[in-house]
Amino acid sequence: MPPWFADPSVGSFANDPSLTLHELMTLLTWDMAKAPAGDPKDAPPLRVWTHGWNIPRPDATVKMTKPVAIPAEGDIEYTYEIVHTNFTEAKWVQTSEIRPSSRESVHHAVVYVRPPGSKWLDHAPVGVPFTAAAMTDDKSKRDALWTDADILLVYAPGSSPDRWPDGMGKLVPAGSDLVFQMHYMAPGHATSDQAEIGLVFAKQPLKQRVLTLQLTNDHFVIPPGADDFRVEARGTLPNDATLLSFFPHMHLRGKRFEYNIVAKDGAIEPLLRVNWDFHWQLSYQLAKPMHLAAGIELQAVAWFDNSSANPHNPDPSVAVRWGDQTYDEMMVGFFDVAVRPDLDKWNYFKRPTKRQP
């Protein structure tokens, strides 16, 4: 555990917990022998379960200032809370973990970095939860529905903390705020949540900055009853990068997800193929980071099952579109890359100008 959903014929991943063929044959042989007990003296020590953080003791924690009240029933709009870090110097984050206080209520969470001078959500309140509907001006409403801010960490059921290799990390500039974007689900009883993020800082200067990018398609309609509906997104990288990991995201009708490189002649090089499980949204970390040259085209492809054969399908009789709620759908292919330490996401996407002959 956790279960592993990647196609073993595509790629090699550092966090793959799958049993080897030898281990599987050992279990099969033991089962065929009617599972005899071994010598108690050879038993391994009892497992010690983690209490608290699953990462080393954080150097800093940033907690939502005010708890969010969660109703027992009904849809809940995306909830935001802006929290000052009070960092007086830039921090390179090498390991991080989100801990909701009410895990049963959290569909997913994203923590964004809002550096000093950012105009994103500049009219929103600080230290209290708010939603787009609560905003009184059009700009703030738009800001609560869309952003290009840098992502510090994404959390979903089954996901693990981020741990970046030595020499790599995410940057939180001095004086930044962290913006918690929380998607809650009503758990059947009234409760509250006050999530926090734990941060472990790099102890040495870093050679590469990690950015979380995404391939997203939000313009699709899945017909009623469709059992294998395909949706794709493509994009080219404007500058060199090192590919580190993948984090696909769909909802209950998700079936499969894959990432590919598309060559100039249209040939497909598969990078990851996943059989989707909404309840185990895993990160897939490459065993060997891959160099991606500027101009390379990446593709994400998702398949959805909107048929009655899908036991998780909320309603196979309706057409399904992009939406925030779990009974809607999403198609997001997050992926992590390492770039030069002086490049933030906005400068990374500035394409080099062509020299005049």
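Given (1) in contact with a helix residue (DSSP H, G or I) (Cβ under 8 Å, 6 or more places away or on another chain); (2) crowded, with 21+ Cβ neighbours inside 10 Å, identify the lone condition not met by W120.
Only one criterion is unmet by W120, namely (2).
Name the residue that is modelled with the lowest pLDDT, counting only residues in region 126-156 that are aliphatic (A, V, I, L, M), assigned to a loop (DSSP other than H, G, I, E, B) and more than 22 Å from the chain's Cα centre (by Cα).
M135
Which residue is nearest to L243 (Cα to Cα), if the candidates are limited to region 8-57 and must be among the aliphatic types (A, V, I, L, M) and surrounded by 10 or more Cβ atoms within 10 Å (Cβ to Cβ)?
A14
With the structure loaded, tell me whether F278 is surrounded by 20 or more Cβ atoms within 10 Å (Cβ to Cβ) and either β-branched (V, I, T) or in the same structural domain as F335 (by TED's automatic domain parsing) (or both) or whether it fails that test.
Answer is no for this residue.
Here's the yes/no breakdown for (1) at pLDDT 95 or above; (2) of a type in the set (G, A, S); (3) under 14 Å from H249 (Cα atoms):
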| site | (1), (2), (3) |
| --- | --- |
| A287 | yes, yes, no |
| M290 | yes, no, no |
| S307 | yes, yes, no |
| N310 | yes, no, no |
| V318 | yes, no, no |
| W322 | yes, no, yes |
| M331 | yes, no, yes |
| P341 | no, no, no |
| K345 | no, no, no |
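Which condition does W164 not pass, out of (1) surrounded by 22 or more Cβ atoms within 10 Å (Cβ to Cβ); (2) out of contact with any helix residue (DSSP H, G or I) (no Cβ under 6 Å at 6 or more places or on another chain); (3) closer than 25 Å to L252 by Cα; (4) modelled with pLDDT under 95, if it passes all the others?
Tallying (1) surrounded by 22 or more Cβ atoms within 10 Å (Cβ to Cβ); (2) out of contact with any helix residue (DSSP H, G or I) (no Cβ under 6 Å at 6 or more places or on another chain); (3) closer than 25 Å to L252 by Cα; (4) modelled with pLDDT under 95, W164 fails exactly one: (3).
Just to check your reading of the model, which residue among D193, D228 is of a type in the set (D, E) and not assigned by TED's automatic domain parsing to the domain that holds H312?
D193
Considering only region 73-85, I want to know if a residue exists there that is among the β-branched types (V, I, T) and more than 29 Å from Q208 (Cβ to Cβ).
Within region 73-85 (the criterion being among the β-branched types (V, I, T) and more than 29 Å from Q208 (Cβ to Cβ)), the answer is yes, since at least one residue qualifies.
Go through (1) part of a loop (DSSP other than H, G, I, E, B); (2) buried (at least 19 other Cβ atoms within 10 Å of the Cβ) for V318 and report which single condition fails.
(2)
Suppose the filter is surrounded by fewer than 18 Cβ atoms within 10 Å (Cβ to Cβ), out of contact with any strand residue (DSSP E or B) (no Cβ under 9 Å at 6 or more places or on another chain) and over 23 Å from P187 (Cβ atoms); does A60 pass it?
In short, no.
Out of region 285-315, which residues are over 30 Å from T131 (Cα atoms) and either assigned to a loop (DSSP other than H, G, I, E, B) or of a type in the set (V, I, T) (or both)?
Hits for region 285-315 are A293, A294, G295, I296, V301, D305, S307, S308, A309, N310, P311.
Based on what the data block shows, is R234 closer than 18 Å to P316 by Cα, surrounded by fewer than 19 Cβ atoms within 10 Å (Cβ to Cβ) and in the same structural domain as W303 (by TED's automatic domain parsing)?
Criteria not met by R234.
At least 3 residues that are modelled with pLDDT of 95 or more and closer than 30 Å to G52 by Cα in each: list the strands (runs of 3 or more DSSP E) lying fully within region 190-279 that qualify.
The strands (runs of 3 or more DSSP E) meeting that bar are 191-193, 196-201, 208-216, 241-249.
What tally of residues in region 240-262 results from selecting those that are closer than 16 Å to T212 by Cβ and over 16 Å from the mean Cα position of the chain (by Cα)?
Going through region 240-262 one residue at a time, the tally reaches 2.
When you check L282 against the structure, is it in contact (Cβ under 8 Å) with a residue 24 or more places away in the chain, closer than 30 Å to F13 by Cβ and in a strand (DSSP E or B), yes or no?
Criteria not met by L282.
Determine if region 183-200 includes at least one residue that is farther than 28 Å from A132 by Cα, in contact (Cβ under 8 Å) with a residue 24 or more places away in the chain and touching a Gly at 6+ places or on another chain (Cβ under 9 Å).
Looking through region 183-200, none of the residues is farther than 28 Å from A132 by Cα, in contact (Cβ under 8 Å) with a residue 24 or more places away in the chain and touching a Gly at 6+ places or on another chain (Cβ under 9 Å).
The values are calculated or read from the model by the stated rules, or taken from the named source; none is laboratory data. Worth saying up front: this structure is predicted, and the values here are computed from it rather than measured. FYI the Cβ positions are ideal-geometry reconstructions off the backbone, even for glycines, and counts take in every protein chain you see.
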